[in-house]
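J.: Take a look at the following structure, please.
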Amino acid sequence: GGTAMAAVRDVEIDPDGTFKYILVRLQRPGGEEQRDIVRGTKAAEFHNHIFEKVNPEMEKLGYECKCLGGGKIDHNSEDKKIRVFGLSTGYGKADHSVTVEILKKVYTDYEITWSDDKK
């Protein structure tokens, strides 16, 4: 049911710094229910490292994952600002406007912006 999907957090990103992120679509095999989540961490040297961690976790919960693209996140928790930019060489550019909407659900008191800039 919807409860398991609700248990998956919309956003899991590092609390500070600039790092790679991916936008991932979760879907129940054969089901209509789908949801997009944001994952990003400094620990990932490449975008696929993030996906390789998320995918098995989500498969265990019974979801198919599709990477919708990636980019970078600049997270400044002190100033309460997040900037979404850049792209993933492997996955292409995520729709940063979608990413921003998801981030806004979690970081409600932040100023969140995006651009297609590389840096």
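The values are calculated or read from the model by the stated rules, or taken from the named source; none is laboratory data. Bear in mind that the values here come from a model prediction, so they are computed numbers and not experimental data. Don't worry about glycine lacking a Cβ; one is built from the backbone with ideal geometry, like all the others, and counts go over all protein chains shown. When the accessible area is computed, the model is the full protein with side chains, heavy atoms only, and any ligands, DNA or RNA have been set aside. Shrake-Rupley method; radii C 1.70, N 1.55, O 1.52, S 1.80 Å.
J.: I'd like the full set of residues that are touching a Gly at 6+ places or on another chain (Cβ under 8 Å) and either β-branched (Val, Ile, Thr) or touching a residue at least 40 places away in the same chain (Cβ under 8 Å) (or both), limited to the stretch 91-108.
T.: If the condition is that a residue be touching a Gly at 6+ places or on another chain (Cβ under 8 Å) and either β-branched (Val, Ile, Thr) or touching a residue at least 40 places away in the same chain (Cβ under 8 Å) (or both), then 91, 94, 95, 99 are the ones that fit.
J.: Does residue 102 fit the bill of being touching a His at 6+ places or on another chain (Cβ under 6 Å) and of a type in the set (Val, Ile, Thr)?
T.: Judged against the criteria, residue 102 is not a match.
J.: So, in the stretch 11-44, how many residues would count as being of a type in the set (Asp, Glu) and exposed (fewer than 14 other Cβ atoms within 10 Å of the Cβ)?
T.: So the count comes out to 3.
J.: Same structure again: Within 19 Å of residue 95 (Cβ to Cβ) and charged (D, E, K, R): does that describe residue 79?
T.: Considered against the rule, which asks whether it is within 19 Å of residue 95 (Cβ to Cβ) and charged (D, E, K, R), residue 79 comes out as no.
J.: When you scan the stretch 36-67, how many residues do you find that are closer than 20 Å to residue 6 by Cα and under 15 Å from the mean Cα position of the chain (by Cα)?
T.: Count: 14.
J.: Determine, yes or no, whether residue 68 is open to solvent by 20 Å² or more (accessible area, probe 1.4 Å), outside any loop (DSSP other than H, G, I, E, B), of a type in the set (A, V, I, L, M) and closer than 22 Å to residue 116 by Cα.
T.: When the stated conditions are applied, residue 68 passes them.
J.: Then there's this: I'd like the residue in the stretch 88-119 that is of a type outside the set (Gly, Ala, Ser) and in contact with a helix residue (DSSP H, G or I) (Cβ under 9 Å, 6 or more places away or on another chain) and, out of all such residues, is least open to solvent (accessible area, probe 1.4 Å).
T.: Out of the qualifying residues, it is 112.
J.: Filter the stretch 72-119 for residues that are under 25 Å from residue 34 (Cβ atoms), among the basic types (Lys, Arg) and in a strand (DSSP E or B); which is farthest from the chain's Cα centre (by Cα)?
T.: 93
J.: Report, by residue number, each residue of the stretch 34-57 that is part of a strand (DSSP E or B) and among the β-branched types (Val, Ile, Thr).
T.: 37, 38, 41
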